[in-house]
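Trainee: Here you go, one structure.
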Amino acid sequence: MRSKNKMLSLAVKIVLVWSVVIGMSVSLYFQLEKNRDDYRELLRQDILHEAVAHFDNMVVARSWNASHGGVYVKAHDGISPNPYLRDNVLKTEKDETLIKINPAWMTRQISELSNKRADYYYKITSLDPINPQNSADTFETEALGYFEGHKEQPYYWRMGKKGDGSDSFDFMGSLIVTKNCLACHAEQGYVVGDVRGGIRVSIPLDEYKKSMVFMDVKNGRNKAVFMGLSLLFGLFITFYLWRIERYHKEIGRLTEGLERKVDERTRELDEMNKTLERRVGDGVKLNRQKDEAMLTQSRYAAMGEMIGMLAHQWRQPIAVIEMGATNMLVDLELELDDKEEMTRQLEVITDETQALSKIITDFSSMFKEESAKSHVRPEELVDEALSIMQSSLEQHNITIVKQYSAENELLLLSRELFQVYLNLLNNAKEILIEREIVEPKIVILIEEQDKEILTHICDNAGGIEEAYLNKVFEPYFSTKGEKEGSGLGLFISKSIVEKKLDGLITVENGESGACFSIHLSKEEQ
């Protein structure tokens, strides 16, 4: 039943597609036909405008002639007087013969001359001509009859045939009687405003027919191309729908198999869910053990580095104590009884012993776990870290530039933040030593913004390679050799800042080196 429904649905889709294709094809077919008809009409209008232009030129010449009451020209071969015009010849004082040319005779002379030189045909005609040669033929009679019944219409035209059988455009413009016309035609009973006759203009259609043939060929080609594309489009969509139907069948078959597999997996998952809580607990416990191991490893690594730095701090007071004790022993052996000198030596030994005691106290609290938050100023923790690193920094001539502008305290686990500062400062020191920077420098900037306090620790060691910028906080990633770095310092620092201090730590390359930034929210007042 489902298969029959799918086949019916496919058939309906195909019918709809072909209906759309056929509808579009028919619509475009009629649009192309309309374009062809519009083009044909445009050509007719062009021909009409051309005929009107010829007619208007002839009318302008006639009007000029009529406005002067006719013109006279010298008699010569090729021109003869109008036999139907009275007083058409005039003798001058020099016995020269002048022939009078009225508008009608001028129009005929120009028409005959033009008809000999071009394919165009001109003729002045009338239903009641004075000159029988101006009698109207079939088209001209038809046009003049139209003008008699439609005096408001100035033009009449139609497509016709010339004497040689070729196509032509026959046009006639009406000639309306004016006051100047009555000088010759008043005796025929005309009054101003009557249709006296017309001027015919016939235009050959050879060039226009070529344009029309070209348009017909182009139109036919466009129809063929579009019909072919429509057919291909319909076949493509039909094939596409058929392929989709095949895919649906295949998907249906695969879905049935997948449902069986899902049922089997669901049963397996039900069985696994029974032990999921225990397994999740084991996994969480294992992850905690891994985190604790990584943290312990980091603390041990940091402790090893601190012991190295503290060794520098211890050497100087131990050397002073040793020197003072040696001097006292020498004085005793020489039996020198200089109580003031011995007192001074004992005071030096006492001072140095207290300094050692303070260093040991600081070291013992360095990695001590905190159970409660306390108020602290970030610069105090930075200075504490710098005091531990002082000997190592001085030994390598590393300049420390401090810019503190924050005024508020932070409420947090201070020893955790101290370890982060110590890690970042130690990393900056090591990269400066490793790259043998000529004038090594570490810049520490602590600033306060609206809702947070920022600590920037920057060096001038040239920065971190772009390929490593996104990896420096990953566990076990280190640009040092395996024997020199654990790859956990920055990872632990990031974990402390984000998980224990609710802050953010970032890194970017500045103008002269890498710059680590710690963002910590200020305590709500």
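Trainee: State all residues of region 382-398 that are modelled with pLDDT of 90 or more and touching a Phe, Trp or Tyr at 6+ places or on another chain (Cβ under 7 Å); if no residue qualifies, say none.
Mentor: Listed by number, the list holds a single entry, Val382.
Trainee: Arg44 is checked against (1) over 15 Å from Val201 (Cα atoms); (2) within 60 Å of the chain's Cα centre (by Cα) and fails just one. What number does that condition carry?
Mentor: For Arg44, the failing item is (1).
Trainee: Provide a single number: the residues in region 449-505 that are modelled with pLDDT of 85 or more, touching a Phe, Trp or Tyr at 6+ places or on another chain (Cβ under 7 Å) and closer than 21 Å to Glu436 by Cα.
Mentor: 1
Trainee: Then there is this: Yes or no: region 106-116 includes at least one residue that is among the hydrophobic types (A, V, I, L, M, F, W, C) and in contact with a Leu (Cβ under 9 Å, 6 or more places away or on another chain).
Mentor: no
Trainee: Right, something else. Kindly check whether there is at least one residue in region 92-105 that is surrounded by fewer than 19 Cβ atoms within 10 Å (Cβ to Cβ), under 15 Å from His54 (Cβ atoms), among the basic types (Lys, Arg) and in the same structural domain as Ile176 (by TED's automatic domain parsing).
Mentor: Within region 92-105 (the criterion being surrounded by fewer than 19 Cβ atoms within 10 Å (Cβ to Cβ), under 15 Å from His54 (Cβ atoms), among the basic types (Lys, Arg) and in the same structural domain as Ile176 (by TED's automatic domain parsing)), the answer is no, since none of the residues qualifies.
Trainee: Moving to a separate point now. Of (1) within 60 Å of the chain's Cα centre (by Cα); (2) not in a helix (DSSP H, G or I), Ser19 satisfies all except one. Which?
Mentor: (2)
Trainee: Tell me the residue from Lys249, Lys218 that is over 37 Å from the mean Cα position of the chain (by Cα) and without any contact (Cβ under 8 Å) to a residue 12 or more places away in the chain, please.
Mentor: Every option except Lys218 fails the conditions.
Trainee: Quick check, is Glu436 part of a loop (DSSP other than H, G, I, E, B), assigned by TED's automatic domain parsing to the domain that holds Leu393 and without any contact (Cβ under 8 Å) to a residue 12 or more places away in the chain?
Mentor: yes
The values are calculated or read from the model by the stated rules, or taken from the named source; none is laboratory data. Because the structure is a prediction, the values reported are computed rather than measured. When we count neighbours, we look across all protein chains shown, and the Cβ atoms used for this are built from the backbone with ideal geometry, even at glycine.
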